[in-house]
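The values are calculated or read from the model by the stated rules, or taken from the named source; none is laboratory data. In this text the structure is predicted, and so the values were computed from the model without any measurement. Cβ sites come from the backbone with ideal geometry, for glycine too, and all protein chains shown count toward neighbours. Heavy atoms of the whole protein, side chains included, go into the accessibility calculation; ligands, DNA and RNA do not. Shrake-Rupley method; radii C 1.70, N 1.55, O 1.52, S 1.80 Å.
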Amino acid sequence: MTELRQRVAREPDSVPEDKESESEAKVDGETASDSESRAELAPPPAPADDTPEVLNRALSNLSSRWKNWWVRGILTLAMIAFFFIIIYLGPMVLMMIVMCVQIKCFHEIITIGYNVYHSYDLPWFRTLSWYFLLCVNYFFYGETVTDYFFTLVQREEPLRILSKYHRFISFTLYLTGFCMFVLSLVKKHYRLQFYMFGWTHVTLLIVVTQSHLVIHNLFEGMIWFIVPISCVICNDIMAYMFGFFFGRTPLIKLSPKKTWEGFIGGFFATVVFGLLLSYVMSGYRCFVCPVEYNNDTNSFTVDCEPSDLFRLQEYNIPGVVQSVTGWKTVRMYPFQIHSIALSTFASLIGPFGGFFASGFKRAFKIKDFANTIPGHGGIMDRFDCQYLMATFVNVYIASFIRGPNPSKLIQQFLTLRPDQQLHIFNTLKSHLTDKGLLTAATEDE
Amino acid sequence: MMLELRHRGGCPGPGGAVAPPPREGEAAGGDHETESTSDKETDIDDRYGDLDSRADSDIPDIPPSSDRTPEILKKALSGLSSRWKNWWIRGILTLTMISLFFLIIYMGSFMLMLLVLGIQVKCFHEIITIGYRVYRSYDLPWFRTLSWYFLLCVNYFFYGETVADYFATFVQREEQLQFLIRYHRFISFALYLAGFCMFVLSLVKKHYRLQFYMFAWTHVTLLITVTQSHLVIQNLFEGMIWFLVPISSVICNDITAYLFGFFFGRTPLIKLSPKKTWEGFIGGFFSTVIFGFIAAYVLSKYQYFVCPVEYRSDVNSFVTECEPSELFQLRSYSLPPFLKAVLRQETVSLYPFQIHSVALSTFASLIGPFGGFFASGFKRAFKIKDFANTIPGHGGIMDRFDCQYLMATFVHVYITSFIRGPNPSRVLQQLLVLQPEQQLNIYKALKTHLIEKGLLQPTLKV
């Protein structure tokens with residue numbers, strides 16, 4: 001174990017210095033290993049392992065505690081600015097960023113596994129891990145492409161065949177990896193190899209599925225991507241601030257810096273922030289419309305008639321609030337009501353993702369997942385509270401906002417046998433007639 | 001400290017016969033004593049950290065659980081030498097299991113589903129128990145409860161999806177079921193989250209690493225056992241033949257590879273399992289293909305095996321009655337020239353399904369054994385002889401099913417890629433859940449499509 005501690009300590013000089021000095025700080029200080037002031041989202045494209053020389057020189061006069069604060073602050077602003085730029089650049093770039101973040105997170109967690117098991121030199125294992133990552137991504141991207149780019153896929157012959165036998169091809173690729181793993185088992189290293197195999201699969205389960213759910217949410221409308229992520233970030237910052245100023249009662253033994261005051265204050269602040277942000281964003285089509293692939297221009301378009309969710313509606317204010325504000329009704333977007341649910345989840349359950357990551361770091365005695373972002377740690381450190389958010393948003397959309405994807409259903413319908421198609425058609429017809437949606441008049445259109 | 005661990009491990013008895021009784025309680029107590037007196041690390045996590053990175057040879061054996069050969073068998077066979085005794089026990093149990101299999105097939109699809117569920121739960125239990133023994137973590141707070149809870153959640157999720165698809169008519173009737181189905185994913189997710197939060201809250205200072213290991217172990221086990229078992233049930237609903245032929249092909253491959261290896265085996269196949277031979281492998285392959293071919297021929301005749309399983313609301317039970325699809329109707333195939341000369345026939349009457357059975361048998365013979373090698377590697381990695389001692393002479397349920405791991409997934413993928421597209425009742429189910437305007441739009445699109453294809457006559461205007 002001492003070896004592992006030494007290896008972790010062999011990080012670049014600037015960072016451990018600051019961390020050690022921080023650990024001496026009192027209640028209002030913070031250490032890098034706790035997920036307090038996570039205030040950003042997307043990483044810079046060129047990961048720097050060291051605080052840039054520029055910053056080092058500029059801040060050389062300040063004491064090391066303030067220097068760290070400044071480094072974190074500057075990087076926070078840099079990441080937020082980067083986030084805005086990417087949103088401006090559009091869905092395609094966002095998708096690529098999500099993909100890169102996913103790969104980097106996978107790499108970080110696998111590297112921790114290698115360090116834990118001292119198994120960096122296991123035969124074949126590095127190749128196999130990356131191969132499995134490729135397979136699972138191929139499977140998920142194939143499903144996404146088939147769903148959303150249906151017309152494009154039907155046009156191109158090779159794409160059509162790939163999409164028709166997609167599951168079979170993905171399964172074959174995975175099987176090849178599985179057989180390679182079995183053939184690579186070496187006598188003295190069985191246990192280590194099985195551990196790394198298990199580690200890889202759990203990492204894939206966490207990292208890759210979440211990132212694909214994020215992309216699904218993105219296709220539903222950029223607002224479904226931006227609002228949840230911003231709520232989690234806001235909750236991090238607000239909880240830290242409230243804890244900083246008012247914090248007294250510790251929340252959980254696992255993260256001694258978290259306080260109940262921070263938790264509750266963060267909850268209310270995030271709900272308010274979510275309401276305001278959704279109000280602002282619901283006005284713009286580019287955020288609200290589902291991302292579609294336009295065949296003619298061969299690019300992504302976000303242009304549509306906004307759905308009911310994004311049209312202002314009058315709501316009657318309950319009596320209590322009426323007397324306070326003096327208004328009878330208020331105009332809101334229905335989406336804002338949903339945003340309350342999203343913010344609540346981000347504030348109440350999101351932190352459990354952070355506790356999970358803290359527990360993981362303590363279990364394996366590491367301070368940060370990696371050293372990609374100076375002052376902040378690795379990419380995973382930034383994203384640990386987002387783990388569950390993406391899944392929640394996806395499940396929420398599927399359950400409450402829209403049902404199954406209509407174009408996907410049509411596509412599935414077209415692959416059925418004719419007698420099955422007729423059977424479904426007739427059942428649908430009788431269902432619609434029962435509901436009164438279908439009359440002789442509409443039939444003739 | 002290592003010497004102590006080695007002593008505690010002890011040595012398992014020969015041939016899987018009577019072994020020292022489990023000493024987990026003793027072991028756990030001993031652990032704590034060592035911990036407090038050792039002057040090295042006192043953190044349990046650190047000790048297991050060292051355990052992880054040591055080479056395999058240093059890791060002590062896990063004491064297997066006791067032998068459960070029934071007394072009757074033992075008395076009847078007490079005369080024979082121990083090698084023949086073991087052979088007889090294996091033989092008798094093999095025949096018992098095969099008869100049990102036939103009995104359950106006779107009793108119908110519902111019993112089969114229950115059997116699959118029972119096997120899944122037992123496999124899960126076996127693998128989790130191995131995890132407890134490996135990490136000596138039987139007394140971790142909450143962990144047993146959490147493992148079973150996660151098993152329940154994942155089963156609830158999968159069964160809910162299946163029920164919604166296949167029991168559509170039954171479900172439409174009941175109001176509460178409608179609610180559960182509509183928000184099924186949300187409810188499953190909420191249940192899973194509750195388990196996740198309980199796990200986080202149960203993290204205890206000295207046991208972090210162990211708890212994370214058991215958490216990951218549980219999830220990987222769920223991934224392996226529960227998803228496979230649900231794919232088996234999906235295959236079953238497609239038609240019992242899709243359940244029977246693959247499973248029997250794997251069993252046949254096991255038996256014939258063993259027999260060929262026994263009589264002709266000379267060249268070892270893989271270092272991992274020194275008893276497997278190339279002769280057994282190739283002989284097993286050919287015999288399995290032939291067996292699959294014949295079994296497919298025999299089973300394709302009966303509607304009972306060939307028809308998709310449906311739930312009829314009027315009779316409140318499962319029925320397998322239908323017009324057999326083209327796959328199960330005899331067709332004439334013209335033979336290639338060399339076979340013509342051999343058999344002196346121009347054409348042969350085959351069920352198209354038999355061609356598919358060749359693909360299934362090939363997979364069972366070529367890739368199925370990799371599942372067996374995986375399990376062998378796993379047992380060597382964790383120094384256990386068998387997964388458990390449930391079946392005397394054979395080991396645990398997992399020992400019987402290790403070659404089936406990949407078969408169920410393959411059959412499912414095969415069916416969805418080559419046999420039929422998506423499940424029609426599922427498509428219908430999803431259609432009925434859409435918003436009314438979306439339903440109307442789809443209705444119009446479908447109508448146009450069907451008219452184009454000539455399946456629907458355009459209605460005359462009144």
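With A:Val214, A:Val232 as the choices, which residue is over 22 Å from A:Tyr148 (Cα atoms) and in contact with a helix residue (DSSP H, G or I) (Cβ under 6 Å, 6 or more places away or on another chain)? Lay out the reasoning, then the answer.
Numbers: A:Val214 fails: over 22 Å from A:Tyr148 (Cα atoms).
The unique qualifying residue is A:Val232.
In the list A:Ala341, A:Ala346, which residue meets the criterion of being modelled with pLDDT of 80 or more, surrounded by fewer than 16 Cβ atoms within 10 Å (Cβ to Cβ) and either at the interface with chain B (Cβ under 7 Å from one of its Cβ atoms) or over 23 Å from B:Leu432 (Cα atoms) (or both)?
Working: A:Ala346 fails: surrounded by fewer than 16 Cβ atoms within 10 Å (Cβ to Cβ).
It is A:Ala341.
Report, by residue number, each residue of the stretch A:185-208 that is more than 23 Å from the chain's Cα centre (by Cα) and either more than 10 Å from every other protein chain (Cβ to nearest Cβ) or part of a helix (DSSP H, G or I) (or both). Steps first, answer last, please.
The first filter runs over the stretch A:185-208 and keeps only residues more than 23 Å from the chain's Cα centre (by Cα), leaving A:185-197.
Selection gives A:Lys187, A:Lys188, A:His189, A:Tyr190, A:Arg191, A:Leu192, A:Gln193, A:Phe194, A:Tyr195, A:Met196, A:Phe197.
Starting from residues that are at the interface with chain A (Cβ under 7 Å from one of its Cβ atoms) and either within 22 Å of A:His166 (Cβ to Cβ) or at pLDDT 80 or above (or both), keep the ones in the stretch B:415-439 and report whichever is surrounded by the most Cβ atoms within 10 Å (Cβ to Cβ).
The qualifying residue surrounded by the most Cβ atoms within 10 Å (Cβ to Cβ) is B:Val427.
Being within 14 Å of chain B (Cβ to nearest Cβ) and either open to solvent by 40 Å² or more (accessible area, probe 1.4 Å) or not in a helix (DSSP H, G or I) (or both) is the filter here; which residues of the stretch A:85-127 pass it?
A:Asn115, A:His118, A:Ser119, A:Tyr120, A:Asp121, A:Leu122, A:Pro123, A:Trp124
Would you say A:Tyr165 is hydroxyl-bearing (Ser, Thr, Tyr) and open to solvent by 40 Å² or more (accessible area, probe 1.4 Å)? Break it down into steps so the answer makes sense when it comes.
Details: hydroxyl-bearing (Ser, Thr, Tyr): yes; open to solvent by 40 Å² or more (accessible area, probe 1.4 Å): yes.
The answer is yes for A:Tyr165.
Please count how many residues of the stretch B:366-401 are within 14 Å of chain A (Cβ to nearest Cβ) and out of contact with any strand residue (DSSP E or B) (no Cβ under 8 Å at 6 or more places or on another chain).
The qualifying residues number 15.
Looking at B:Val289, is it assigned to a helix (DSSP H, G or I), closer than 20 Å to B:Glu326 by Cα and not acidic (Asp, Glu)?
On the way: assigned to a helix (DSSP H, G or I): yes; closer than 20 Å to B:Glu326 by Cα: no; not acidic (Asp, Glu): yes.
Considered against the rule, which asks whether it is assigned to a helix (DSSP H, G or I), closer than 20 Å to B:Glu326 by Cα and not acidic (Asp, Glu), B:Val289 comes out as no.
Checking the structure you have, find out if any residue of the stretch A:221-242 is part of a helix (DSSP H, G or I) and in contact with a strand residue (DSSP E or B) (Cβ under 7 Å, 6 or more places away or on another chain). Can you show your working first?
Step one: list which residues in the stretch A:221-242 are part of a helix (DSSP H, G or I), which gives A:223-242.
If we keep only those that are in contact with a strand residue (DSSP E or B) (Cβ under 7 Å, 6 or more places away or on another chain) too, we end up with none.
No.
Output the residues belonging to the stretch A:128-157 that are modelled with pLDDT of 80 or more and open to solvent by 80 Å² or more (accessible area, probe 1.4 Å).
Across the stretch A:128-157, the qualifying residues are A:Trp130, A:Leu134.
Just to be sure I understand the filter: pairs with C-beta atoms under 6 Å, separated by 6 or more residues or on different chains, first member in the stretch B:394-410 and among the small types (Gly, Ala, Ser), second member open to solvent by 10 Å² or more (accessible area, probe 1.4 Å). Which pairs pass?
B:Gly395/B:Asp386; B:Gly396/B:Asp386; B:Gly396/B:Ala388; B:Gly396/B:Thr390; B:Ala408/B:Gln228; B:Ala408/B:Leu231; B:Ala408/B:Val232
Of all residues in the stretch B:177-195, count the ones that are open to solvent by less than 40 Å² (accessible area, probe 1.4 Å) and either of a type in the set (Asp, Glu) or under 25 Å from the mean Cα position of the chain (by Cα) (or both). I'd like the intermediate steps shown before the answer.
Kept after step one, since they are open to solvent by less than 40 Å² (accessible area, probe 1.4 Å), are these residues of the stretch B:177-195: B:181, B:184, B:188-189, B:193, B:195.
Filter once more, so that each one left must be either of a type in the set (Asp, Glu) or under 25 Å from the mean Cα position of the chain (by Cα) (or both): B:184, B:188-189, B:195.
Residues flagged as open to solvent by less than 40 Å² (accessible area, probe 1.4 Å) and either of a type in the set (Asp, Glu) or under 25 Å from the mean Cα position of the chain (by Cα) (or both) within the stretch B:177-195 amount to 4.
Within the stretch B:292-396, which strands (runs of 3 or more DSSP E) (wholly inside it) include 3 or more residues that are among the basic types (Lys, Arg) and either assigned by the TED database to the domain that holds B:Phe281 or crowded, with 19+ Cβ neighbours inside 10 Å (or both)? Can you show your working first?
Details: elements: B:310-312, B:317-319, B:331-334, B:347-350.
Here the list is empty.
Checking the structure you have, find out if any residue of the stretch A:372-380 is over 29 Å from A:Gly283 (Cβ atoms), within 12 Å of another protein chain (Cβ to nearest Cβ) and either touching a Gly at 6+ places or on another chain (Cβ under 6 Å) or of a type outside the set (A, V, I, L, M, F, W, C) (or both). It would help to see each step written out before you state the result.
Keep residues of the stretch A:372-380 that are over 29 Å from A:Gly283 (Cβ atoms), which gives A:372-380.
Subsequent filtering for residues that are within 12 Å of another protein chain (Cβ to nearest Cβ) retains none.
Taking every residue of the stretch A:372-380 in turn, none turns out to be over 29 Å from A:Gly283 (Cβ atoms), within 12 Å of another protein chain (Cβ to nearest Cβ) and either touching a Gly at 6+ places or on another chain (Cβ under 6 Å) or of a type outside the set (A, V, I, L, M, F, W, C) (or both).
Just one of the numbered conditions (1) farther than 23 Å from B:Thr218 by Cβ; (2) free of Cβ contacts under 8 Å to residues at least 24 places away in the same chain is not true of A:Leu173; which one?
For A:Leu173, the exception is condition (2).
Can you find a residue in the stretch B:336-347 that is polar (S, T, N, Q) and either under 23 Å from the mean Cα position of the chain (by Cα) or closer than 17 Å to B:Asn253 by Cβ (or both)?
To start, the set of residues in the stretch B:336-347 that are polar (S, T, N, Q) comprises B:345, B:347.
Within this subset, residues satisfying the condition of being either under 23 Å from the mean Cα position of the chain (by Cα) or closer than 17 Å to B:Asn253 by Cβ (or both) are none.
No: zero hits.
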